[in-house]
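Since the structure comes first, as structure tokens, the remarks are kept for the end.
Each value in this text was obtained by applying a stated rule to the coordinates, not by laboratory testing. Keep in mind that what you see is a predicted model, and the values were worked out from it rather than measured. Glycine also receives a Cβ, built like all others from the backbone with ideal geometry; neighbour counts cover every protein chain displayed.
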Amino acid sequence: MRILHLLFYSALLLTACTGNSGPGNDSGRDAGTADAFTRYASGFRVYERGSYTLVEVIDPWQQSRDVIFSYVLASDHGILPDSLRSLPFIKIPVKRVIALSTTHVAMIDQLGSASSIVGVSGSDFIYSPGIRQGIESEKVKDVGYGQGLDFEKIVKLRPDVLFLYGVEGNVMTTLEKLTDLGIPAVFCGEYLETHPLGKAEWIRFFSLFFNKQEHSLQFFKAIDSSYSALSELTSGLKPKPFVLNGLPWKDTWYMAGGNSFAAQLIKDAGGSYLWSDNPSSQALPLDLESVYLRAVKADIWINPGAAGCLDDIMQLDSRLGDLKVLKMGRVYNNNARINAAGGNDYWESGTVRPDLILADLIGIFHPDLLTDHSFVYYRQLK
């Protein structure tokens, strides 16, 4: 683990000495060219124009095509050019925030702005000790989940912005309701990014709302450098263990596609994903029989759902107990950091620290490469 810390903090020191590119000219949206704000993330674009910033969020839910939401961020609506005054406006820096995803919580927490969070969704599943303390003291309210959002509570919290995510198009009903109530709501699509660094780079999106762009830039550069140094350790490494991912749910195994977030992590950690030949970035609904045909080759099994031990897996289907990988006990789950209600920090802080996830996986696939590594998110099931 000491090696990983050195990689991260060395990167942080180096990047602190470099600057960010300045804002573009004050020509507004008509300039047509977004700033070179991101390297990996594809779900948002930024146009910094000195006194204001235009942000575009692109296709923020699965199956959406050519859907763009635009937001204008500034300290005063009066300084905006006439061409932008009809767009949703967010006064920055925001002071009161509702975050409907644990990922949003992690991003805001990492920016040092956790005290701005006044509302969350599904509070039982928040892992962050600081936010949990706010929930328990009732400084942070639970505003409901999905179609069960408590709009009356949301209005009472008077948020400067509400960050929401879309799973499918009917989320527009929620957006329309929030708009009618005068609640500034912003879509986030970080969960759709297929590269781990693409997800983490959304911290730069959130930083715009808190005027913490430089903080997020230096932090992300350090994460990028740490992740890249780790993936370089496995570059060209052979042999690569065959890796099985996930667990069936109600007789269907939703297998991560070969172009997914999980597949990229496995590749960068020096593993050979059993579904790497599939070009999809989304989950593939498969029956157990078809999975079993490939799973017999697995050397390592990761992310088996909510399983807390090997018996949990075998109780789902006795055939799984016949797999070589389970008999050898080479099964690892990403639930080493979980609270009493089931809140899993892998899906929270892990989103902004993919380098720690990658180090865990390298430690599993190639333990001789990181001999002093202490696992953060993963544990071996017994």
Can you compute 3J(HN,Hα) from phi for each residue in the stretch 98-104, using the Karplus curve 6.51 cos²θ - 1.76 cosθ + 1.60 with θ = phi - 60°, rounded to whole Hz and x for Gly and Pro? 10, 10, 8, 9, 5, 4, 4
Taking the dipole about the Cα centre of the chain, with the C-beta of Lys and Arg at +1 and of Asp and Glu at -1, give me whichever of Asn303, Phe375, Gly189 is farthest to the positive side. Phe375
Looking at the stretch 241-300, which trypsin sites (Lys or Arg not before Pro) are in a loop (DSSP not H, G, I, E or B) and have at most 12 other Cβ atoms within 10 Å? Lys250
Assuming a viscosity of 0.692 mPa s and a temperature of 37 °C, what translational diffusion coefficient in µm² per second does Stokes-Einstein assign to the chain, Rh being the Kirkwood radius over Cα pairs? 148 µm²/s
Taking the Cα centre of the chain as origin and charging only Cβ (+1 Lys, Arg; -1 Asp, Glu), how large is the dipole, in debye to the nearest 20? 520 debye
Among DSSP bridges having both ends in the chain, what percentage is antiparallel? Round to the nearest 5. 50 percent
Kindly work out what percent of the DSSP beta bridges joining two residues of the stretch 246-379 are antiparallel, to the nearest 5. 80 percent
Remind me, relative contact order of the chain in percent, using alpha carbon pairs under 8 angstrom and six or more residues apart? 17 percent
Given Cβ charges of +1 for Lys and Arg and -1 for Asp and Glu, the option among Gly144, Leu244, Val325 whose Cα lies farthest towards the positive end of the dipole of the chain is Val325
Give me the dipole magnitude in Debye, nearest 20, for the stretch 120-227 about the Cα centre, with unit charges on the beta carbon: positive for Lys and Arg, negative for Asp and Glu. 280 debye
